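Single-structure report; data block below.
Coordinate-derived values only; no laboratory data. Everything numeric here is computed off the predicted structure, so don't read it as measured data. Note that each Cβ is placed from the backbone with ideal geometry, even for glycine, and that neighbours are counted across all protein chains shown.
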Amino acid sequence: MIKKIIQYPTPLSVEYATDVRVFDEELFALIDDLKDTITENNLEGLSAYQIGSHYNVIVVKNDEGELIEMINPRLIAHSGRCTTVESTAYYPNKTAEIERYENVSIVYQNRDGNDCSLKASGAFAIVLQRKIDYTFGATFIHKMSKQSKAEFNKQLSHHATVENSDYSPTTFKRDKMVLVMNVMLALMAVGFVVALFIDDVTILSKLWHTIFYTAAAVALLDVFYFFYAQYEGRKSISCSSCQVGNIVGTTLFIMAKLVVITLLTYFFIYK
């Protein structure tokens, strides 16, 4: 069945694709929908994300024009660099110069659940990288330099009209908050590992208090992130509801990592 391809300004609703665990008729129908949509629109490939599915599935045309079905694809090796002029169905009538790997190695599963691999170069390698980007909730704009990204966003905003006033930005201030929290969590984890090799009670006590106060700071920042992210989303109509799940998921994931690291430190070091 031919499906509607998601286009800007509708945002990609989640951060990462969900790996396929069950190979059933629902999966096969999704793959067939991707193939039908590619054929109808004369495309080089599609990710399941582009037709509204969260599954980690892509279908791409190889150099011979054959449609290759890839379930749970992963890029495991690459070499060489090249600059290409790319277009994508997500940004109609837009192109951008993007730096890509010239050669790639991919592992994936077929519809029977069998492990497969392939090596690609040139145009086919570029298509594979573009479609795999979507499984991480990314488009080619995420490959741009900071300056190029700013110019591209400016072009997009200039084309916003009353009809598409639900313009949704491609980058958010809340992303920087997530980065800061992840760095703090990483430092806490390092502190925990270091503490395992220390016997001095005084040093361990100081280290525990440092980790504890860092944990408290992360918890407060995570709560602030939850409310600020919703506020930031409400500024763009198209982002107000579709990103709630992503915001909640990110908040809970960070809190879960925080609890695990803090409890490990408490029971193995402090006590």
### Query
Full extension from Glu40 to Thr210: what is 0.36 nm times the residue separation minus their Cα-Cα distance, to one decimal in nm?
55.3 nm
### Message
Can you compute the FRET efficiency between Ala189 and Asn103 using 1/(1 + (r/R0)^6), with r the Cβ-Cβ distance and R0 = 41 Å? Round to the nearest 0.05.
### Response
0.75
### Query
HN-Hα J couplings of segment 93-108 from phi, Karplus 6.51/-1.76/1.60, θ = phi - 60°, integer Hz, Gly and Pro as x?
6, 10, 10, 7, 7, 10, 8, 10, 7, 7, 10, 9, 10, 10, 10, 6
## Note on the structure
For segment 173-270 the translational diffusion coefficient, Stokes-Einstein from a Kirkwood Rh over Cα pairs at 10 °C and viscosity 1.306 mPa s, in µm²/s, is roughly 110
### Query
Running Debye on segment 25-158 with equal point scatterers at the Cα sites and no solvent, what base-10 log of I(q)/I(0) appears at q = 0.14, 0.16, 0.19 Å⁻¹?
-0.63, -0.82, -1.14
### Message
To the nearest 20 Debye, how big is the dipole of segment 25-158 about its Cα centre, given +1 on the beta carbon of each Lys and Arg and -1 on that of each Asp and Glu?
### Response
800
### Message
Through the Karplus equation 6.51 cos²θ - 1.76 cosθ + 1.60, θ set to phi - 60°, convert the phi angles of segment 72-86 into ³J(HN,Hα) values in whole Hz; use x for Gly and Pro.
### Response
6, x, 9, 8, 10, 7, 7, 7, x, 9, 8, 10, 10, 9, 10
### Query
If we sort 42-53, 92-103 on the protection proxy, mean other Cβ atoms within 10 Å, highest first, what's the order?
42-53, 92-103
### Query
So what are the ³J(HN,Hα) numbers for segment 116-121, from phi and the Karplus equation (6.51, -1.76, 1.60; θ = phi - 60°), rounded to whole Hz, Gly and Pro as x?
9, 8, 7, 10, 9, 9
### Message
How large are Rg and Dmax for the chain when calculated on the C-alpha trace, in angstrom?
### Response
22.0, 70
#### Entry: Segment Lys176-Lys4, extension gain: residue separation times 0.36 nm, minus the distance between their alpha carbons
58.7 nm
## Note on the structure
Counting Lys and Arg as +1 and Asp and Glu as -1 over every other residue whose Cβ sits under 14 Å from the Cβ of Thr37, the net charge comes to -1
